[in-house]
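Data first, discussion second: the structure below is written as structure tokens.
Values in this text are rule-based calculations from the coordinates and carry no lab data. As the structure is a prediction and not an experimental result, all values here were calculated from the model. Virtual Cβ from ideal backbone geometry, glycine too; neighbours counted across all protein chains shown.
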Amino acid sequence: MASFTKKPGELLWFSLLGLGMLIGAGTALMVLTKGHAHMYNVSREIPWGILISTYVFFVVSSTGLCLVSSLGHVFGIEQFELIGRRAILLSIITLLTGFGTIAMEINHPIRMAIYVLLTPNFESPIWWMGTLYGVYLVLLIGEFFFLMKNHHKGAMTMGILGFIAAVTAHSNLGGVFGLLEARPYWHGSFLPLYFILSALVSGGALISIIVYYNYQFRKIPLPARYPQFLNTLAKLQALFLMILIFFIVWKIIPGLYGRPPEKYEATMAVLTGPMAFNFWVFEVLIGMIAPVLILLNKKCRTPFGVMVAGALCTVGIFFMRYDLVIAGQIVPMREGSDGVVNGLLSYTPSLAEYGIVLGAMATCMFLYTLAEKVFDLEMKDH
């Protein structure tokens, strides 16, 4: 372990991540022994909580990393080739972390894995979600293998297949929500497109963070294409964010126009109700407005500025996932539901749920930091 922690800062970083993973592992053990009913604050009325939104956050991030990295070795934008290995590796790690998170949300994850294969339900969007993400994971691993071998043709082939799988799996994830007719806030064809667009924002944000971490914090020698890459990434990220703002406006309008039952109440809960602070402060101000202003200002378009914009986006998108999942459930589906206040249900994650989320975040960052020391992820200029 000494070779991994030569610097005091690295030792502190690994220690903090180790503490986070220890908390997550201890919490997971308690959940597995005591059961969900005693540890989680989800209920019959609100069955999907923060673990579902965290799962969505991780798999959306994985898709976004894959899509943005494909600009290099798939679509031939040369400056993006320098982040190919890192983006695909982090895509694999975030996807696996997402799988681990949702496994802790399912009562019997091992039983689920067995019966998914033995008794597949081809009419279930959730079955397709698991299957498509499984295929996507295999393709990501193949793409990473060819990138590490500098096998450009193989990397391109796997990249094209991975791109198709990413879009298919991720749009299907949007369909898991959008096909739920009983949940008017989610229902419709909008969410699959919205998920793809927000994935691009997530991927660009995480790439800006890992680029800063490696070339500014770790002081890896800058590639010749770095300035052009950073400038292009910042402009693309600003574009993705502005389109996302447009999408969000049009996600809100149908929830207000004509006051459609249940959809209107959920929309108002986000705009002016119990979820308004999350929406206006974390989603809008921190996650979209501030990053756009930073990225559009040439003076702020520095490595540090682009990284800050990416970090703000990442925070905002985490809350965006949480707000989407919870807002779709806080309007009661039946009369006489317990815990209704002013016509709405309420949900606050338990300490156990927070512990699982903390452990997942720490594990993801630990694995990526460790991978930077184990693999040669630097793409050579050519």
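Could you tell me which of LEU179, VAL315, THR168 has its Cα farthest along the dipole of the chain towards the positive end, charges placed at Cβ (Lys, Arg +1; Asp, Glu -1), taken about the Cα centre?
VAL315
Which helices, taking whole DSSP H runs in the chain, have alpha carbons extending 20 angstrom or more along the helix axis plus mean Kyte-Doolittle at least -0.5? Before the final figure, lay out the partial values.
Numbers: long enough: 8-34 (39 Å, 1.30); 50-73 (35 Å, 1.60); 84-105 (32 Å, 1.13); 125-148 (34 Å, 1.55); 152-178 (37 Å, 0.86); 190-212 (34 Å, 2.05); 226-256 (45 Å, 1.46); 303-327 (35 Å, 1.63); 351-374 (34 Å, 1.20).
Correct list, ordered by number: 8-34, 50-73, 84-105, 125-148, 152-178, 190-212, 226-256, 303-327, 351-374.
Based on alpha-carbon centroids, what's the gap between region 195-259 and region 318-356 in Å, whole number please?
Going from one Cα centre to the other spans 29 Å.
Taking the chain as a Gaussian network, Cα atoms linked when under 10 Å apart, which of VAL325, VAL135, VAL292 shows the biggest mean-square fluctuation?
VAL135
What relative contact order, as a whole-number percentage, does the chain give when Cα pairs under 8 Å and 6 or more residues apart are counted?
On the way: 519 pairs, mean separation 108.9, N = 382.
Value for the chain: 28 percent.
In region 85-190, what GluC sites (Glu not before Pro) fall in a loop by DSSP, with at most 12 other Cβ atoms inside 10 Å? It would help to have the intermediate numbers written out before the result.
Numbers: sites: GLU105, GLU123, GLU143, GLU181; in loops: GLU123, GLU181.
Qualifying residues, ordered by number: GLU123, GLU181.
Counting C-alpha atoms alone, how compact is region 247-361: give Rg to one decimal and Dmax as a whole number, in angstrom.
That works out to 17.0, 57 Å for Rg and Dmax.
Work out, step by step, the length gained on full extension between TRP280 and ALA37: first 0.36 nm times the residue separation, then minus their alpha carbon distance; give nm to one decimal. Before the final figure, lay out each step's value.
Numbers: separation 243, 0.36 × 243 = 87.48 nm, distance 3.22 nm.
This chain segment gains 84.3 nm when fully extended.
May I ask you to list the trypsin sites (Lys or Arg not before Pro) in region 96-196 that are in a DSSP loop and have at most 15 other Cβ atoms within 10 Å of their Cβ? Don't skip to the end; give the middle numbers.
Values: sites: ARG111, LYS149, LYS153; in loops: LYS149.
The qualifying sites are LYS149.
Please list log₁₀ I(q)/I(0) at q = 0.09, 0.15 Å⁻¹ for the chain, using the Debye equation with identical point scatterers on the alpha-carbon positions.
-0.53, -1.49
Using DSSP to call loops (not H, G, I, E or B), can you name the trypsin sites (Lys or Arg not before Pro) in region 1-80 whose Cβ has at most 12 other Cβ atoms within 10 angstrom? If you can, show how the numbers build up before the last one.
Working: sites: LYS6, LYS34, ARG44; in loops: LYS6, ARG44.
Listed in order of number, the matching sites are LYS6, ARG44.
When the C-alpha atoms of region 50-196 are aligned to their principal axes, what extent does each axis show, in angstrom, from largest down?
46, 32, 27
Starting from the Cα gyration tensor of region 112-217, take the square roots of the eigenvalues, sort them a ≥ b ≥ c, and report rounded, prolate or oblate (rounded when a/c is under 1.5, otherwise prolate if a/b is larger than b/c, else oblate). Working shown, then result.
Values: a/c = 2.52, a/b = 1.42, b/c = 1.77.
Oblate, since a/c reaches 1.5 and b/c is not below a/b.
Take PHE75, PHE177 and order them by how many other Cβ atoms sit within 10 Å, fewest up front.
Values: PHE75 12, PHE177 24.
Ascending number of Cβ neighbours within 10 Å: PHE75, PHE177.
What ranking do LYS235, LYS251, LYS299 get, fewest neighbouring Cβ atoms within 10 angstrom at the top? Kindly include the intermediate steps, with their values, before the conclusion.
Working: LYS235 13, LYS251 17, LYS299 7.
The fewest-first ordering by Cβ neighbours comes to LYS299, LYS235, LYS251.
Using a Gaussian network model on the chain with a 10 Å cutoff between Cα atoms, which of MET268, MET112, MET104 fluctuates the most?
Among MET268, MET112, MET104, the largest GNM mean-square fluctuation belongs to MET112.
Test of understanding: what is the full-extension gain from VAL138 to VAL340, defined as 0.36 nm times their sequence separation minus their Cα-Cα distance?
On the way: separation 202, 0.36 × 202 = 72.72 nm, distance 4.44 nm.
Net length gain for the segment: 68.3 nm.
Lys/Arg Cβ at +1, Asp/Glu Cβ at -1, dipole of the chain taken about the Cα centre: which of ALA327, GLY273, LEU244 is farthest positive-ward?
So the residue we want is LEU244.
Out of TYR215, ILE102, VAL292, whose Cα points farthest toward the positive end of the dipole of the chain (charges: +1 Lys, Arg; -1 Asp, Glu; placed on Cβ)?
The listed residue farthest towards the positive side: TYR215.
Treat every Asp and Glu Cβ in the chain as -1 and every Lys and Arg Cβ as +1, leave all other atoms uncharged, and give the resulting dipole magnitude about the Cα centre to the nearest 20 debye.
Charge dipole, the chain, about its Cα centre: 940 debye, nearest 20.
Where the only charges are on Cβ atoms (+1 Lys, Arg; -1 Asp, Glu), what is the dipole of region 5-107 about its Cα centre, to the nearest 20 debye?
Roughly 260 debye, rounded to the nearest 20.
Would you kindly state how much longer the chain becomes between SER15 and LYS235 on full extension, computed as 0.36 nm times their sequence separation minus their alpha carbon distance, in nm to one decimal? Spell out each step's value before the answer.
Working: separation 220, 0.36 × 220 = 79.20 nm, distance 3.59 nm.
Taking 0.36 nm per residue and subtracting the Cα distance, the gain is 75.6 nm.
Neighbouring Cβ atoms within 10 Å as the yardstick, rank ASP376, ASP323 fewest first. Walk me through the intermediate numbers first.
Values: ASP376 9, ASP323 19.
Fewest-to-most ranking of ASP376, ASP323: ASP376, ASP323.
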